[in-house]
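Everything on this sheet refers to the single structure shown next.
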Amino acid sequence: MRRNSSITLLSIGHACVDIYQGAVASLVPYFVAERAYSYAAVSGIVLAASVLSSVAQPVFGVLTDRWAMPWLLPLSTLLGGVGIALSGVGDSYTLTLAVVAVSGVGVAAYHPESARVARLASRGSHSAMAWFSLGGNLGFALAPVMVAAVVATGGLRLTPLLVVPAVIGTAVCLPVLRALGARQTGAAGKTVEAGDDTSSFIRLSLAVVCRSIVFIGLSTFISLYTAQRMDGSKAAGTAALFLLYIGGAVGSVLGGSLAGRWDRVTVSRWSYLLTAGSVAGLVFVPGPALYLFVVLTSAGLYIPFSLQVTLGQDYLPSRVGTASGITLGLTVSVGGLVSPLIGTVADKTSLQTALAPLILMPVLSWLLFRTLPEPAVPSSPDAAPKGEDADVVHSPAQPGSR
């Protein structure tokens, strides 16, 4: 499918926002080195971003089911950037937790509405949604490079420079808002004829939770773990985190392509099974081979990523915003709740011991996907007529409350 201008701009904006999700983990080694935070303490910072994001995303999803709120895109982008920009200001642990939490709220507000808008722009295409997800992956991948370029040269006091992507992301939102006809202010009454499959949606959400535990657990500690394995090199740790994120970019595009040949459930199920083996290699195989397993793990975790978003929307066609808030938000960020446990175990034993249980998570996702049906694509009010210009996105009425 040809990528239209709106999807391209949404992908760039998505990258700018997800830089701030990746920046939290990227800042962890610097908090440890400059402020002498323990593993448990830095896990608490990750938790601060994750908890508010987890709680808030379904709320924003419900709101976007009632009202079209495209103005959330630029506002939430700025909020996410300002929080991270202030995280290195001052030495107060409480202040750091607070501003990182504010950034988490910004990220939470962005994703349900952006997924709704991307669904409009993509006409429900798996491939186009994969390109939208690709933006987020690239944002994650750029985060460790950007943080290293800024903080490694001048310390945490330079974190205010990290607000630049938020400014760029806000700017690219504006043409999309004009294309959407952002003047809509109220909820409309169109309904979706297809019924919701709540049972399948719950099982899908549990599978995404298992994925989240693996991804956030690794993104929080992979830099420190790699540095330990590579004679304490911070550069080695930054490289591993970069590969963990950039591999996801490959996985997202590959997932959209594979879903064109096989159904989404089948592609996701096999991806999780193969990921279990790659996580085991990452944790236990010694030497530079670790980097190969980081890439394989990242790709395996991201092949199902955009597919899970569209599956959730198709399982709950009457509540697209809620489905997006949960699959793209709540279940993704809830893995941060486990990070303090991993950090505590690592403090008492070793990082390798603490990371080993993550091998089981993709296996659980695989088992859950074995129970899922491939949904029929519903006739959604969010889908634009096929005859419309592919480069202009018209915003139809949103589903009303049920």
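What the table shows:
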{"item": "Whole-Hz couplings from phi, Karplus 6.51/-1.76/1.60, listed for the range 305-314; x for Gly and Pro", "result": "4, 5, 5, 5, 5, 6, 4, x, 5, 7"}
{"item": "Portion, in percent, of the accessible area of the range 32-181 that falls on carbon or sulfur, probe 1.4 Å", "result": "77"}
{"item": "Loop-resident sites, the range 1-70, for trypsin sites (Lys or Arg not before Pro), counting at most 10 other Cβ within 10 Å (DSSP)", "result": "2"}
{"item": "The range 1-116 shape via C-alpha gyration tensor axes, a/c threshold 1.5", "result": "prolate"}
{"item": "Difference of contour (0.36 nm per residue) and Cα-Cα distance, residue 94 to residue 55", "result": "12.0 nm"}
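The values are calculated or read from the model by the stated rules, or taken from the named source; none is laboratory data. Quick caveat: nothing in here was measured; it's all calculated off a predicted structure. Please note: Cβ atoms are built from the backbone with ideal geometry, for glycine as well, and neighbour counts cover all protein chains shown. For the accessible areas, the whole protein counts, side chains as well, though only heavy atoms, and no ligand, DNA or RNA atoms are used. Shrake-Rupley method; radii C 1.70, N 1.55, O 1.52, S 1.80 Å.
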